[in-house]
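**Student:** Could you have a look at this structure, given as structure tokens, before my questions?
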Amino acid sequence: MPTFVAIAENHDVTRWGIRSVVEGCEDPALRIVSSAETGLQTVSMAEQYEPDVLVLSLRLPHLNGLDVLYYLQQRSLSVRSLVLTGCTEAHRARRAFERGADAYVLKRASTDELCTALSAVRRGDQYLSDAVPNSC
């Protein structure tokens, strides 16, 4: 059974890099369904495509990633969220999990770690990058 993945990232090159990593993961069930550049586009995309997993940047224009998570939580959309960010502060990770994130991975992570986190989220588990302080 396929797992539909959507990507929300405002940098074009990074968005395509994430797509390449997801497509290169050893999990053949992962399928990219859509991508967005802004928070508002992300909300619309989540409602329209109903992806299983959303790979979400925190720094999106028009509506940041934390606000996107809050919106998804309030609308009870069943999308699982993997935050992919450069923010290493524990309080940001904690806030993301409070808003419904299922994983928090740093952009400096290896491609293997991103694939591992995607697999964890796909199984219904939570994932926190080892590079983030464990005080979450």
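**Student:** Within the chain, which is the longest segment that contains none of the trypsin sites (Lys or Arg not before Pro) sitting in a DSSP loop with at most 14 other Cβ atoms within 10 Å?
**Tutor:** 1-58
**Student:** Rounded, prolate or oblate: which one fits segment 87-136, using the alpha carbon gyration tensor with axes a ≥ b ≥ c (rounded when a/c is under 1.5, else prolate when a/b beats b/c, else oblate)?
**Tutor:** Judged from the Cα gyration tensor, segment 87-136 comes out oblate (a/c at least 1.5, b/c at or above a/b).
**Student:** Using only the Cα atoms of segment 21-82, build the gyration tensor, take square roots of its eigenvalues as a ≥ b ≥ c, and label the shape rounded, prolate or oblate: rounded if a/c is under 1.5, else prolate if a/b is larger than b/c, else oblate.
**Tutor:** prolate
**Student:** Heavy-atom accessible area of M45 with all protein chains present, probe 1.4 Å, nearest 10 Å²?
**Tutor:** Surface accessible to solvent at M45 totals approximately 10 Å².
**Student:** Between beta-carbons, use under 11 Å as the cut-off and find the net charge around R122, counting Lys and Arg +1, Asp and Glu -1.
**Tutor:** Value of the local net charge: -2.
**Student:** Same structure again: With the cut-off at 1.5 for a/c, could you classify segment 1-46 from its C-alpha gyration tensor as rounded, prolate or oblate?
**Tutor:** Oblate, because a/c is 1.5 or more while a/b does not exceed b/c.
**Student:** Leaving out ligands, DNA and RNA, what percent of the accessible area of the chain is carbon and sulfur, probe 1.4 Å?
**Tutor:** 45 percent
**Student:** Still on this structure, I have one more. Per DSSP H run of n ≥ 4, the term is -39500 (n - 2.57); total these for the chain, divide by its residue number, and report the mean residue ellipticity at 222 nm rounded to 500 deg cm²/dmol.
**Tutor:** Working: 5 runs with 56 residues, N = 136.
Calculated at 222 nm, the ellipticity per residue is -12500 deg cm²/dmol.
**Student:** So, in nm, how far is label R19 from label A90 when the simple model puts each one 7 Å beyond its Cα toward the Cβ?
**Tutor:** 3.8 nm
**Student:** Turning to a different aspect of this structure: Rounded to the nearest 0.05, what FRET efficiency do H62 and D27 have when you use their Cβ-Cβ distance and R0 = 25 Å?
**Tutor:** Working: r = 31 Å, r/R0 = 1.25.
Result of the calculation: an efficiency of 0.20.
**Student:** For segment 74-113, what D do you get in µm² per second when you plug the Kirkwood radius from alpha-carbon pairs into Stokes-Einstein at 20 °C and 1.002 mPa s?
**Tutor:** Answer from the Stokes-Einstein relation: 196 µm²/s.
**Student:** Let me ask you something else. Can you work out the Karplus-derived ³J(HN,Hα) for every residue in segment 86-98? Use 6.51 cos²θ - 1.76 cosθ + 1.60 with θ = phi - 60°, whole Hz, and x for glycine or proline.
**Tutor:** x, 7, 9, 5, 4, 5, 6, 5, 4, 4, 4, 5, 4
**Student:** In terms of modelled amide H atoms, which long-range or inter-chain residues lie less than 5 Å from the amide H of L54?
**Tutor:** Hits under the 5 Å cutoff: A6, R80, S81, L82.
**Student:** Out of all Cα-Cα pairs in the chain, roughly what percent, to the nearest whole number, are more than 23 Å apart?
**Tutor:** Summing the P(r) of the chain above 23 Å gives 21 percent of all pairs.
**Student:** Per residue, how many Å² of accessible area does the chain show with a 1.4 Å probe?
**Tutor:** It amounts to 52 Å² per residue over the chain.
**Student:** Among the GluC sites (Glu not before Pro) in segment 1-48, which ones are in a DSSP loop with at most 16 other Cβ atoms within 10 Å of the Cβ? Mind listing them?
**Tutor:** Answer in residue order: E26.
**Student:** Treat each spin label as a single point 7 Å out from the Cα along the C-beta direction, and report the D12 to S44 distance in nm.
**Tutor:** 1.9 nm
**Student:** Something else now. Pick out, in residue order, every one of the GluC sites (Glu not before Pro) in segment 59-136 that is DSSP loop and has at most 15 other C-beta atoms within 10 Å; say none if there are none.
**Tutor:** E89
**Student:** In sequence order, what are the phi-derived ³J(HN,Hα) couplings for segment 59-68 according to the Karplus relation 6.51 cos²θ - 1.76 cosθ + 1.60 with θ = phi - 60°, rounded to whole Hz, with x for glycine and proline?
**Tutor:** Ordered by residue, 3J(HN,Hα) equals 9, 10, x, 6, 5, 6, x, 5, 5, 4 Hz.
**Student:** While we're here: Would you mind checking segment 1-21 for residues with the amide N under 18 Å from a putative spin-label position 7 Å along Cα→C-beta of R75?
**Tutor:** 4-10
**Student:** Right, something else. With a cut-off of 8 Å between alpha carbons and a minimum separation of six or more residues, what is the relative contact order of segment 29-136 in percent?
**Tutor:** In percent, rounded to a whole number, it is 23.
**Student:** Run the 1.4 Å probe and let me know the accessible area of S110, rounded to the nearest 10 Å².
**Tutor:** Surface open to solvent at S110 totals about 60 Å².
The values are calculated or read from the model by the stated rules, or taken from the named source; none is laboratory data. It should be emphasised that the depicted structure is a prediction, and the values quoted were computed from it without experimental measurement. Using ideal geometry, Cβ is built from the backbone for each residue, glycine included, and neighbour counts are taken over all protein chains shown. Please note that ligands, DNA and RNA were not included when accessible areas were found on the heavy atoms of the full protein model with its side chains. Shrake-Rupley method; radii C 1.70, N 1.55, O 1.52, S 1.80 Å.
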